[in-house]
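In what follows, a structure is listed as structure tokens, so that the remarks can point back to it.
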Amino acid sequence: MHTTFKLFALPALLAGLAAPALATDYQSSATQYVKDHVETWVGAPEILAVIRAQNEANAVLSQAQIDSLDTAWRAEIDAPNKPTITPILSNPTSDLLRSKMDESNGVIVEAFLMDNRGLNVATAGLTSDYWQGDEAKFTETFGKGAGAMQIGEVEFDESSQTYSVQVSFTIVDADTATPIGAMTVALNAEALE
């Protein structure tokens, strides 16, 4: 039997996390959910293979090229043609992320994978940028190595119309025990178990 964790004091939490115990509760619940429900499938061979392949393909990119790709992604968000976005958003791994979101019964409201440069590999929905490499979701996970996890603040997410918390973590190659990328999932803070 599962006990549902409800953020009964969500306004207090959002107003600066005045209650340290409550902050610990949402962080503990988010961490446990990721360990129990996300890390169990994200290390699948087909996911690791896609990340490895993109790492190899992107190894030659300069920072200027990464910045150019990120600029193109941002410009395409509202454009009718999306040559930078479409290959990422429509690949089989992105389809897998969407199916895992569906299976979560509303707990996972966003999910995306990053390579070892912080570039999107797969995403369940449209992200605001392509390069995450300069953001805490990447620098505090991949940049810190195996086992690293970063938990953001509870925030209102316009796209899902929920209060959510982003949890990011390093993805490790099971064969070599080395970090190869990172993942971010946004969890519906009111539906965490």
For this session: For residue 154, indicate whether it is over 12 Å from the mean Cα position of the chain (by Cα) and under 24 Å from residue 32 (Cβ atoms).
Result: yes
For this session: Taking only region 157-193 into account, find how many residues are of a type outside the set (Gly, Ala, Ser), closer than 18 Å to residue 29 by Cα and over 15 Å from the mean Cα position of the chain (by Cα).
Result: 5
Exercise. From the list 143, 152, which residue is in a helix (DSSP H, G or I), free of Cβ contacts under 8 Å to residues at least 24 places away in the same chain and not polar (S, T, N, Q)?
Worked result: 143
Exercise. Being surrounded by 11 or more Cβ atoms within 10 Å (Cβ to Cβ), basic (Lys, Arg), modelled with pLDDT of 95 or more and touching an Asp or Glu at 6+ places or on another chain (Cβ under 7 Å), is that true of even one residue in region 4-25?
Worked result: no
Exercise. Among the numbered criteria (1) at pLDDT 95 or above; (2) within 22 Å of residue 56 (Cβ to Cβ), which single criterion is violated by residue 175?
Worked result: (1)
Exercise. Looking only at residues in region 24-39 that are within 15 Å of the chain's Cα centre (by Cα) and of a type in the set (Val, Ile, Thr), which one is farthest from residue 96 (Cα to Cα)?
Worked result: 31
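Would you mind finding the one in 181, 143, 147 that is closer than 21 Å to residue 32 by Cα and surrounded by fewer than 16 Cβ atoms within 10 Å (Cβ to Cβ)? Steps first, answer last, please.
Numbers: 181 fails: surrounded by fewer than 16 Cβ atoms within 10 Å (Cβ to Cβ); 143 fails: closer than 21 Å to residue 32 by Cα.
Being closer than 21 Å to residue 32 by Cα and surrounded by fewer than 16 Cβ atoms within 10 Å (Cβ to Cβ) holds for just one of 181, 143, 147, which is 147.
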Exercise. Restricting the search to region 73-106, which residues are crowded, with 18+ Cβ neighbours inside 10 Å and in a helix (DSSP H, G or I)?
Worked result: 73, 88, 89, 93, 94, 96, 97, 101
For this session: Determine whether residue 122 is in contact (Cβ under 8 Å) with a residue 12 or more places away in the chain, within 18 Å of residue 188 (Cα to Cα) and not in a helix (DSSP H, G or I).
Result: no
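The values are calculated or read from the model by the stated rules, or taken from the named source; none is laboratory data. Treat the numbers as computed from the prediction; the structure is a model and nothing was measured. FYI the Cβ positions are ideal-geometry reconstructions off the backbone, even for glycines, and counts take in every protein chain you see.
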